[in-house]
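Notes for the one structure printed next.
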Amino acid sequence: MAAPSPSLVAAVLAHSGRLEKEDLGTRIARLSPPGGGAEGGEVCNMINKKYNEFLPSMQSAEDLVSQVDSLSSNIDLLKSRIENEVQQDLNVAVAEFTELKQQLERDSLVLSVLKQLQEFDTAIKEYSTALLEKKYVAAARHLEKARSSLKMLESRKGFELKVLKALGTELTVQTQNMLYHLGEEWRQMVLWKLPPSKEISSAETVMQTELHLCTMPLKEDQIAGPPVASVLQAFAVLGELHTRLKLFGQLLLKYILKPLISYPSLRPLLEEQPDTVVLHFESAEPNLEHPSPIEVFGKISLVLEVLHTHLLNVSLDECGENDKDSKVVLAKMLGDMVWEEVSGCLIQECLVYSIPANSSKLEQYVEVINSTEEFEKSLKNMGFLKGDATDLLKYARNVNSHFANKKCQDVIVAARKLMTSEIHNTVKITPDSSVAIPKLPDPGAGDNLKMQKASKMLHNKLINLENETKLSQHTFSLPTCHISVSVEKLMELAYQTLLEATTSTDQCCIQLFYSVRNIFHLFYDVVPIYHKENLQKLPQLAAIHHNNCMYIAHHLLTLGHQFRYRLTNILYDGAATFVDLVPGFRRLGMECFLAQMRVQKGELLERLSSARNFSNMDNEENYSAANKAARQVLHQLKRLGKVWQDVLPVNIYCKAMGTLLNTALSEIINRITALEDISAEDADRLHSLCRIMLEEGPLVFTPLLEENKNKKYQEEVPVYVQKWMMFKELMIILQANLQEIVDRWADGKGPLAAEFSPTEVKSLIRALFQNTERRAAALAKIK
């Protein structure tokens, strides 16, 4: 059996705790097998060395364990004593400390409240004393101190006193009492005498207004009364200065400043009395309908200078919560309150009407601008305004823009007034007449002048290529007709406005140019709607409106070109044109006239519908109805001829009358050719009816007032009436025999074939002639 190794033996002995202080090497040597030799000895020495090193550490550990056990026992003992003895004493001490602390807080609070109550009482007493002595500033400060103390008392939560309500009531009463005394003093220093009527309806009403300002210099320690600064400072301390000054500003605006601006006849009058200055009004005959800005500025400056001298030239301490020890200039406060309304009123009631009506007077407006600058400068010196330029001065300096706006507005208003005036007031336009075009200035030097010179040189070089046959000077002129006087004035307004644009600034020029364009856009939209009913009912007005539109379109063709080189460069490159409006105006005139033509056509056809289809003319009633219808048609055409006479251009007149007569003849032709049976008597009576139309129809062509000149157009009826020759052929057929009809047909080459189709001719032959071999032979030849 093998012996155990020495290391194993040492481990077992050490683990079991049976090792004693015996040398470990001795025991290992004793247990080692004999014959180990030198090697066994080295092992034993090493183990013994390690053991000797380990043994002190083990002893130290055992000592520490015994100390820890002892300390743990002491801790447990101490803990037990604390829990049983000290904790109870500590709880008692904490309770006593808490109670003492609460009592201290209550005492401190009571002491603080008592102190604040004392301060409130002291402030009220001092206030009363100061008020009796009329030291209003000191009284107001004591009152505010009492108010501050009361606020502190009311802000303490959980500590409410019934006396606080009584203190608040007392404070309110004393405050109102203070304000009453200050109000009385203010009324003695600033006394208004106002008219009985609350509404300002005339200058006479305003003249009853008076403002009395106390000028007696007093010191605050005088019992007779406090100075203005003392009263105003007291108002500031109580927080009532803004309210008091706002009420004063409202009265100043309503009864003094605004009336001075609105009524040119009013003049401010200053009257000095002992210890008082009185500001009231006197009336003078106004030179102008609207007040001059320079005069108004002088009046307003006078009033504000008086107020500044005797009332507002003081600086106050604004004792608010957020403005401690800040200085308030009274004039500035009042200026902030009233200046916006004053400047707005000056602009609307004064400066607006001072804008020049034409550009030639713009240079004179410099005087108004300078006067405005001086006016604002004086207000700044008195403290009413800040350093920045206000809307009033900006408006005055921007005169070019306002001039353009005013001019454009005036132009549109004038144009609309012309458009809504009566159309039937007319003037005759001939090729020799022209609109009252103002003389245009020569184009300036530069590119335009060079262009003209170059054009002239080119013209001189090509002069030999000119055709000997020249056009008439009236080739491109508007034909003779009547137009509305209002439209002629409208074109004159357009020319005058464009001429004004040529001498204006670039911005103004652009605005005026587009205002002229807006005139024509407005005409296009307003006139057809405003005069709609008359244009539909009255043929003459429809013709005049047609002429008006053509007249405007005629001028629009060259209007832009005439001013192109005289307008601003911005409009030079193609923008200065009105040509784009021409088709719209031509269409507007044609549509109105064509609508009237449709109405007239409808009336003609309605009258012909009572002719009983021109059938059975051997019946007297039928013949009488047909004859009446024909007479009514002729009467209507003659009436239209008179209405349009000398109004429409001759070519338009003839075309219109020709179209209407053609409508009547076409209807008669269609009714007759539709008949299936026409007796010899019917044919004779139809022929007589047609003869009436043939003889009297041309007489409706009376385009000119001179009767002898109308014959030319009556002879040219076939030119304007498309069915005229057809109507004449129909009359021939009604009286012709079969052979004559065949001869006029001439195998489709005769005059009858030029107007009627084979079917129509055959239908008439069948209606006029009985069914015989001759009729059959004639019908066979119509093909």
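The values are calculated or read from the model by the stated rules, or taken from the named source; none is laboratory data. This is a predicted model, so every value here is computed, not measured. Here the Cβ positions follow ideal geometry from the backbone for every residue, glycine too, while neighbour counts run over all protein chains shown. In case anyone asks, the SASA skips ligands and DNA or RNA and just uses the protein heavy atoms, side chains included. Shrake-Rupley method; radii C 1.70, N 1.55, O 1.52, S 1.80 Å.
Seen from P196, the other residues with C-beta closer than 14 Å to its C-beta sum to a net charge of -1, counting Lys and Arg as +1 and Asp and Glu as -1.
Around A123, with a cut-off of 15 angstrom between Cβ atoms, what is the net charge of the other residues, counting Lys and Arg +1 and Asp and Glu -1? Don't jump to the answer; show the numbers that get you there.
Values: positive: K115, K125, K135, R141, K145, R147, K151; negative: E119, D121, E126, E144, E170.
Once all neighbours under 15 Å are counted, the net charge is +2.
Across the protein chains, with a 1.4 Å probe defining accessible surface, the residues Y395, Y514 rank Y514, Y395 from largest area downward. Each Lys or Arg adds one and each Asp or Glu takes one away; over the other residues whose Cβ falls under 11 Å from the Cβ of H555, this sums to -2.
Projected over every direction and averaged, the convex hull enclosing the alpha-carbon atoms of segment 140-212 yields 7.7 nm². When the GluC sites (Glu not before Pro) in segment 64-157 are filtered for DSSP coil states and for at most 13 other beta-carbon atoms within 10 Å of their beta-carbon, the remaining sites are E133.
Note on segment 476-522: the C-alpha convex hull projects to 4.2 nm² when averaged across all orientations.
In loop segments of segment 235-289 as defined by DSSP, the GluC sites (Glu not before Pro) with at most 13 further C-beta atoms inside 10 Å of their C-beta are E289. For K638, the aspartates and glutamates whose Cα falls under 12 Å of its own Cα, not counting residues fewer than eight places away in the same chain, are E696.
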